[in-house]
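Quick notes on the structure that follows.
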Amino acid sequence: MSIKYIQEFARNYSLFQMVAYTEFQKRSAPEFNVVVDTGHPLFVFDGGPLIKIYYPQGEIQKIFGQFGKAASNVNYFNGVVSKFFEVINEIKPYFEKKKSVKNIDELKHLYELFMDFGYGESAIWVAPLVENLSEELKSKALIAREKTQALTSLRDELLDYNLNKLFPELDELVHFVLPQSVFAGKTINELRTEAIKYKKGFIYFDGRMYTENKDETLKKLNIDLEKKISTEKIDIIKGHVASPGTAKGRVKIVLINKDINKILEGDILVSPMTRPDFLPAMKKAVAFVTDEGGITCHAAIVARELKKPCIIGTKIATQVLKDGDLVEVDADNGIVKVLKKSK
């Protein structure tokens, strides 16, 4: 019997960051005897711009539950946050481009720092969503998030920038280079050939890349993806209220950084989820709608600060809506109404 996988989120990950995600998630804190089973994510890339990340049905909730139990250990949580800020001090010059790698050994060290950064970052972002975590620890996590969230949007830029320092011949193809290939000492031509192939599409699962037919690969892995929702006749989208209010405007879909230039005054910003570098566009938009997110996600926090309507967790907004659609965002009731579709 096949295993049902559900799409949980989508990101513009480089392959270096994609692999790091699977590796830092498996890290543990032995000094506190804490190990969290972080599940079996499946990554699907259909040619861009986003990698879709799937988990078995119910697995994300299970992971949150385990983390909640671990994070309720005050010593563990304080230890993770303390180490996180130590890592920040060392990795920040790389984020700011005041420092860059000069050889493969330095890249390996940066990659290790990056995974430590990822582990700590995931802790402070997830913690406020954990029900049994004390208000004191939630507050501490939010403060840590506020101090470091500007770096979150620079993760791929950090990796791509330093890879380009070592492999300038690859240019933008460094986004599709695997750490396993770099650290195994593959030649420039081998890395280029792989990157061109991966840029066309792949499935990544359990540490292995698959570039064959998508359906055949899923069948071989005994995985059944959730059926894609038909979006043709949907004119009402439901989500969760993150910031109340109502607004009308034209939709602009923002998937990656370059899309933020599309946003004009009065537009409705629609995205899988917002990031700190979306802020200039968010100031122009009159409302935000996201596929993902909880009440303490970036979109929700910024919307409340700017006092703009925001609906999160719609799951399908970026699939249903297109640039130019005229919509009404009713964030008092968590509903987005399509008033007129763009031609």
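The values are calculated or read from the model by the stated rules, or taken from the named source; none is laboratory data. Please read all numbers here as calculations on a predicted model, not as lab measurements. Neighbour counts are summed over all protein chains in view; Cβ atoms, including those assigned to glycine, are modelled from backbone coordinates with ideal geometry. Accessible surface areas use protein heavy atoms only, side chains included; no ligands, DNA or RNA. Shrake-Rupley method; radii C 1.70, N 1.55, O 1.52, S 1.80 Å.
The set of residues in region 49-83 being at pLDDT below 80 and under 23 Å from the mean Cα position of the chain (by Cα) consists of Gln61, Ile63, Phe64, Gly65, Gln66, Phe67, Gly68, Ala70, Ala71. Close Cβ contacts (under 9 Å, 6 or more residues apart or on different chains) running from residues in region 158-178 that are under 18 Å from Glu96 (Cα atoms) and free of Cβ contacts under 8 Å to residues at least 60 places away in the same chain to residues that are buried (at least 22 other Cβ atoms within 10 Å of the Cβ) and hydrophobic (A, V, I, L, M, F, W, C) comprise Asn164/Val174. I'm checking my understanding of the structure. Among residues of region 292-313 that are modelled with pLDDT of 95 or more and within 13 Å of Lys238 (Cα to Cα), which one is surrounded by the fewest Cβ atoms within 10 Å (Cβ to Cβ)? Top of the filtered list is Ile312.
The set of residues from region 154-180 being over 13 Å from Ile88 (Cβ atoms) and open to solvent by less than 20 Å² (accessible area, probe 1.4 Å) comprises Leu159, Asn162, Leu163, Leu170, Val174, Val177, Leu178, Pro179. Listed by first and then second residue, the pairs linking a residue in region 267-284 that is more than 19 Å from Gln319 (Cβ to Cβ) to a residue that is acidic (Asp, Glu), with Cβ atoms under 8 Å apart and 6 or more places separating them unless they lie on different chains, are Lys284/Glu265; Lys284/Asp267.
Within region 268-293, being part of a loop (DSSP other than H, G, I, E, B), in contact with a strand residue (DSSP E or B) (Cβ under 7 Å, 6 or more places away or on another chain) and not acidic (Asp, Glu) holds for Pro272, Met273, Thr274, Ala285, Val286, Gly293. In region 9-44, which residues are open to solvent by 20 Å² or more (accessible area, probe 1.4 Å), among the hydrophobic types (A, V, I, L, M, F, W, C) and either assigned to a loop (DSSP other than H, G, I, E, B) or at pLDDT 95 or above (or both)? Selection gives Val35, Val36. Of the numbered criteria (1) crowded, with 19+ Cβ neighbours inside 10 Å; (2) touching a residue at least 40 places away in the same chain (Cβ under 8 Å), the one Lys199 fails is (1). Among the residues of region 202-229 satisfying the criterion of being in a loop (DSSP other than H, G, I, E, B) and of a type in the set (S, T, N, Q), which is surrounded by the fewest Cβ atoms within 10 Å (Cβ to Cβ)? Residue satisfying both the conditions and the ranking: Asn222.
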